[in-house]
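Each remark here refers to the structure printed beneath this line.
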Amino acid sequence: MGILSHTWYLFSGDVEISSTIFQNSLPSVVEVKASTGDVESFGTAVVLSESELVTNFHVVSYIFQSVTNIHQDIKIRFSNSDEYYVVEIKHYDSNLDLALLVLENTQF
């Protein structure tokens with residue numbers, strides 16, 4: 001069975017299994033909202049631990065006059081919440097397009 005036929009089987013298989021995988025994964029993916037003034041970016045991040053998440057660098061940055069800048073305000077929101085939580089960038093690599101985020105307050 002080739003890769004494409006194996007992938008098709010996975011996605012065309014049992015809907016119940018797909019739904020279970022989705023429901024189990026949902027808590028580990030969050031919405032990221034980053035902004036500076038009128039400039040906004042949206043994306044997702046994956047929870048790595050109680051206080052660390054990983055996202056793409058382009059979600060938390062923007063380009064102005066050919067210069068890459070980090071957004072001033074970066075927040076996350078869990079799928080089961082309407083509340084946003086402030087995060088900070090701990091590390092980033094613009095070449096790999098990755099950013100490690102840290103929750104300022106882990107009481108969520």
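The values are calculated or read from the model by the stated rules, or taken from the named source; none is laboratory data. None of these values were measured; they are calculated from a predicted model. In this analysis, Cβ positions are derived from the backbone assuming ideal geometry, glycine residues included, and neighbour counts consider all displayed protein chains.
For Ser94, are the conditions met, namely being touching a helix residue (DSSP H, G or I) at 6+ places or on another chain (Cβ under 9 Å) and either touching a residue at least 24 places away in the same chain (Cβ under 8 Å) or hydrophobic (A, V, I, L, M, F, W, C) (or both)? Judged against the criteria, Ser94 is a match.
Go through segment 24-36 residue by residue and tally those that are outside any strand (DSSP E or B) and either surrounded by 13 or more Cβ atoms within 10 Å (Cβ to Cβ) or at pLDDT 95 or above (or both).
Count: 1.
Just name the residue that is nearest to Val29 (Cα to Cα) out of those in segment 50-108 that are assigned to a loop (DSSP other than H, G, I, E, B) and acidic (Asp, Glu). That would be Glu50.
Working only within segment 50-71, note down all residues that are under 14 Å from Val87 (Cα atoms), polar (S, T, N, Q) and surrounded by fewer than 16 Cβ atoms within 10 Å (Cβ to Cβ). Ser51, the sole residue that qualifies. For segment 72-108, the candidate set comprises residues that are of a type in the set (Val, Ile, Thr) and loosely packed, with under 14 Cβ neighbours inside 10 Å; within that set, the residue that is farthest from Ser49 (Cα to Cα) is Val86.
Exactly one residue out of Ser79, Ser51, Ser12 is modelled with pLDDT under 95, under 12 Å from the mean Cα position of the chain (by Cα) and of a type in the set (S, T, N, Q): that is Ser79.
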